[in-house]
1. Hey, what did the stretch 1-75 get for relative contact order, percent, Cα under 8 Å, at least 6 apart?
2. Restricting to lysines 8 or more places apart or on different chains, can you count the pairs in the stretch 1-125 with Cα atoms under 18 Å from each other?
3. Using a simple charge model, +1 on the beta-carbon of Lys and Arg, -1 on the beta-carbon of Asp and Glu, nothing else, what dipole does the chain show about its Cα centre, in debye to the nearest 20?
4. Specify the inter-centroid distance of the stretch 119-134 and the stretch 22-45, based on alpha-carbon positions, in whole Å.
5. With r defined as the distance between the Cβ atoms of GLN71 and ASP200 and R0 fixed at 35 Å, what FRET efficiency is calculated, to the nearest 0.05?
6. Could you tell me how many degrees, from 0 to 90 and to the nearest 10, lie between the Cα long axis of helix 38-51 and the main elongation axis, the longest principal axis, of the Cα atoms of the chain?
7. Taking LYS162 as the anchor, which lysines have their alpha carbon closer than 21 Å to its alpha carbon, excluding any fewer than eight residues away along the same chain?
8. Return one whole number: the accessible area per residue of the chain in Å², for a 1.4 Å probe.
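The values are calculated or read from the model by the stated rules, or taken from the named source; none is laboratory data. Owing to the predicted nature of the structure, the values given are computational and were not obtained by experimental measurement. Neighbour counts are summed over all protein chains in view; Cβ atoms, including those assigned to glycine, are modelled from backbone coordinates with ideal geometry. Side chains included, ligands, DNA and RNA excluded: accessible areas come from the protein's heavy atoms. Shrake-Rupley method; radii C 1.70, N 1.55, O 1.52, S 1.80 Å.
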Amino acid sequence: MDALTEIKIQLDEYIEKYETKDFIKDDPVQFVHKFNNKEDSEIAGFIASSFAYGKREVFISKLNYIFDLMQNSPLNYVKSGDFDNIQGCDYRFSKDIDFIQMLKILHLLYTENETLETLFEYNYKEGKNIWRMFQGVVDYFYSRVNLPVTQGFYHLLPNPAKKSALKRMNMMMRWFVRKSAVDIGIWHFIPKSELLIPLDTHVAKISRKLGLLNRKDNGYESVMELTNVLKQLDFNDPIKYDFALFGYGVNNKI
């Protein structure tokens with residue numbers, strides 16, 4: 001048995017253990033499960049993934065506050081266009097004005113009878129590549145900035161051209177494209193085989209320890225390298241190993 005096969009057996013066991021409903025309650029994916037309406041879920045996931053950095057308990061608390069302000073009705077809130085009650089939403093690099101600008105652009109999108117799904121789908125079909133899809137979506141938001149935003153706006157929606165890992169956007173795509181006990185699978189325009197691993201420092205550290213990742217940086221090239229290795233474990237659903245790497249870290253205290 002070769003080394004990669006041994007790793008696959010071990011990681012598949014962690015998937016069985018961690019890709020369960022119990023995972024949801026402590027993860028930002030909880031916010032896409034709060035709603036039955038598809039558009040509510042996708043708006044909630046877009047916002048939740050944008051804020052999902054730093055200490056988990058802190059950004060989850062902030063997101064609960066945000067959705068309370070939205071009266072737990074993201075679609076109606078976005079379509080209303082009235083964001084005067086947005087205050088206290090500062091989080092690390094971003095300020096209220098940055099979040100208000102995001103909401104205003106979402107308002108434009110949804111009042112033009114479009115949705116986040118149609119925006120992502122259009123750019124996927126145009127670019128025929130998930131990374132170019134991300135670029136098209138981010139360009140859509142950047143081109144519509146008309147408030148005096150801070151750099152925090154661009155941290156909420158990082159530029160793919162800078163070749164960072166885009167961990168949060170890739171995580172959101174996992175939520176929306178895969179269908180499992182955790183992921184909700186509401187977008188069908190892209191196969192799950194084309195998803196990219198949500199890479200952060202923790203996942204990168206574990207992947208290097210297991211010999212799945214050789215590159216030393218945590219940017220775009222490392223995302224592609226690790227995703228391609230995971231495709232050797234399961235070509236059709238490589239990103240399910242996001243749960244396995246999480247589980248490996250928990251069990252080995254990494």
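1. Numbers: 35 pairs, mean separation 17.0, N = 75.
Relative contact order here is 23 percent.
2. Taking the Cα cut-off of 18 Å, the pair count is 12.
3. Working: 33 positive and 34 negative charges, 129 e Å.
That gives the chain a dipole magnitude of about 620 debye.
4. The distance from the Cα centre of the stretch 119-134 to that of the stretch 22-45 comes to 23 Å.
5. Values: r = 32 Å, r/R0 = 0.91.
In this case the efficiency is close to 0.65.
6. 80 degrees
7. The qualifying lysines are LYS128, LYS216.
8. Values: 11710 Å² over 254 residues.
Each residue of the chain exposes 46 Å² on average to a 1.4 Å probe.
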